[in-house]
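What follows is one structure encoded as structure tokens, with my remarks underneath.
Every number here is computed from the coordinates shown, using simple stated rules; none is lab data. Just so it is clear, the model here is predicted, and its values are computed rather than measured. Cβ coordinates were reconstructed from backbone atoms using ideal geometry, including for glycine residues, and neighbour counts include every protein chain displayed.
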Amino acid sequence: MDAIPSLADPPFACPPDITLDLPVPPSVNKLRKVDWKNRSAARAWANASDAHVIAARGRSSNPLRLVKLKRFEVFVTLSEHHTKIDLDNSLKCIIDYLVRIELIEDDAPKNLRRLTAQWGLAPMGCRVTVRPCA
């Protein structure tokens, strides 16, 4: 007699959450205008974030594995000790970065199913968790 598959078995199993510890992103208020100084700040943030992702992918214990997700939820935690920007002003830059590194397909409604932002523990200033959805 065949065993009854559980929800933890493929094809029902979901990939694990992906958590990135990144520096605090620049405020979207500074990115709206065509302002070369702030544009370079956004580029510097993306470069610093790239370094964190590369380090996480190369670590020997529990290396980061990136998989391009089609449907997902994003949870953002910012540290009050690292920044004074408004919580919501960080989200656009973070989501655009996740698209750029091809962790998520797009931030369209069919893809991004939930976006949660909160203050809390983020050792580098910003912790982003991406959870796949069925």
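Residues in segment 47-54 carry Karplus couplings, in order, of 5, 5, 5, 4, 4, 5, 5, 4 Hz; the curve used is 6.51 cos²θ - 1.76 cosθ + 1.60 with θ = phi - 60°, and Gly or Pro positions show x.
In sequence order, segment 41-46 has phi-based couplings of 5, 5, 5, 5, 5, 4 Hz under the Karplus curve 6.51 cos²θ - 1.76 cosθ + 1.60, θ = phi - 60°, and Gly or Pro positions carry x. Report the relative contact order of segment 63-121, percent, no decimals, based on alpha-carbon pairs under 8 angstrom and at least 6 residues apart. Relative contact order of segment 63-121: 58 percent. Full extension of the segment from Ser79 to Lys110, taken as 0.36 nm per residue of separation minus the current Cα-Cα distance, would add 8.2 nm. Here the peptides 56-66, 79-89 are ranked by packing, the mean other Cβ count within 10 Å, and the order with the highest first is 79-89, 56-66. Between Arg57 and Ala41, the modelled labels are 2.8 nm apart [label points 7 Å from Cα along Cα→Cβ]. Each residue of segment 89-102 was assigned a 3J(HN,Hα) from its phi angle through the Karplus curve 6.51 cos²θ - 1.76 cosθ + 1.60 (θ = phi - 60°); the sequence is 6, 8, 5, 4, 4, 5, 4, 4, 5, 4, 5, 4, 8, 6 Hz, with glycine and proline shown as x. Using the Cβ of Ala56 as centre and a radius below 10 Å, the other residues enclosed give a net charge of +2, where K and R count +1 and D and E count -1.
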